[in-house]
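Okay, structure first, notes after.
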Amino acid sequence: MHWIILIIVLFIFIIWQKKIKRNQRINYIENYFFHKGIRKKISQKHPQLTDEQLDLVFKALTDYFQICLIANKKMVAMPSQIVDDAWHEFILSTRFYSIFCKKSLGRFLHHTPTEAMNSPTSAQQGIKRAWRLACAKEGIDPKHRKTLPLI
């Protein structure tokens, strides 16, 4: 009987620890400061963007990384081309990106272009997952939406 109680307590403790770690990672992503050089490159590539719009691009990138964490290692497609551009620039800062991935996701997040995916079904599942999780993150009903999620 004592073993059963011990196992239940241990199970609850492990789940609690995982939840704490996930919340720490979400907070790390939320408060991450992207290197100024990345913002400068995106500004040069997309000169039509205002400072406020650039802020939204990097907020959307932050949202995307949080969605990837919540997806628990399932593939999440990147629906926004401009946010994808920011992600590419971030990846090119290999040291910063590697450290970020380890601290925020616990693993390196590889970028897989849609055309390089195993099948069209994988790409469709990834975009549907991105849509569903982005809507959930922003409190949007995906079937009766009045607004769109940032990404």
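Give Lys19, Lys59 a once-over and let me know the one that is of a type in the set (Lys, Arg), closer than 22 Å to Gly139 by Cα and at pLDDT below 95.
The unique qualifying residue is Lys19.
Checking Lys73 against (1) without any contact (Cβ under 8 Å) to a residue 60 or more places away in the chain; (2) at negative phi, which single condition isn't satisfied?
Going through the list (1) without any contact (Cβ under 8 Å) to a residue 60 or more places away in the chain; (2) at negative phi, Lys73 breaks only (2).
Go through segment 112-151 and give me each residue that's among the aliphatic types (A, V, I, L, M) and loosely packed, with under 10 Cβ neighbours inside 10 Å.
Ala116, the sole residue that qualifies.
Identify, from the list Ile26, Ile42, Ile38, the residue that is in contact (Cβ under 8 Å) with a residue 24 or more places away in the chain, of a type in the set (A, V, I, L, M, F, W, C) and closer than 24 Å to Lys128 by Cα.
Ile26
Would you confirm whether or not segment 59-81 contains a residue that is over 23 Å from Gln125 (Cβ atoms), among the hydrophobic types (A, V, I, L, M, F, W, C) and within 15 Å of the chain's Cα centre (by Cα)?
no
Go through segment 1-43 and report how many residues are within 19 Å of Cys68 (Cβ to Cβ), assigned to a helix (DSSP H, G or I) and not hydrophobic (A, V, I, L, M, F, W, C).
10
Are any of the residues in segment 102-111 surrounded by 13 or more Cβ atoms within 10 Å (Cβ to Cβ), closer than 28 Å to His46 by Cα and in contact with a helix residue (DSSP H, G or I) (Cβ under 9 Å, 6 or more places away or on another chain)?
Yes, the conditions are met somewhere in segment 102-111.
Does segment 89-99 contain any residue that is touching a helix residue (DSSP H, G or I) at 6+ places or on another chain (Cβ under 9 Å), modelled with pLDDT under 95 and either basic (Lys, Arg) or buried (at least 18 other Cβ atoms within 10 Å of the Cβ) (or both)?
The answer is no; no qualifying residue exists.
Residues checked against (1) without any contact (Cβ under 8 Å) to a residue 40 or more places away in the chain; (2) assigned to a helix (DSSP H, G or I):
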position: Pro79; (1), (2): no, no
position: Ala86; (1), (2): no, yes
position: Lys103; (1), (2): no, yes
position: Arg107; (1), (2): yes, no
position: His111; (1), (2): yes, no
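How about segment 44-73: which of its residues are within 20 Å of Phe100 (Cβ to Cβ) and part of a loop (DSSP other than H, G, I, E, B)? Before you say what the answer is, go through the steps one by one.
To start, the set of residues in segment 44-73 that are within 20 Å of Phe100 (Cβ to Cβ) comprises 54-73.
Ala71, Asn72, Lys73 - these are the residues of segment 44-73 that are within 20 Å of Phe100 (Cβ to Cβ) and part of a loop (DSSP other than H, G, I, E, B).
The values are calculated or read from the model by the stated rules, or taken from the named source; none is laboratory data. Keep in mind that what you see is a predicted model, and the values were worked out from it rather than measured. Note that each Cβ is placed from the backbone with ideal geometry, even for glycine, and that neighbours are counted across all protein chains shown.
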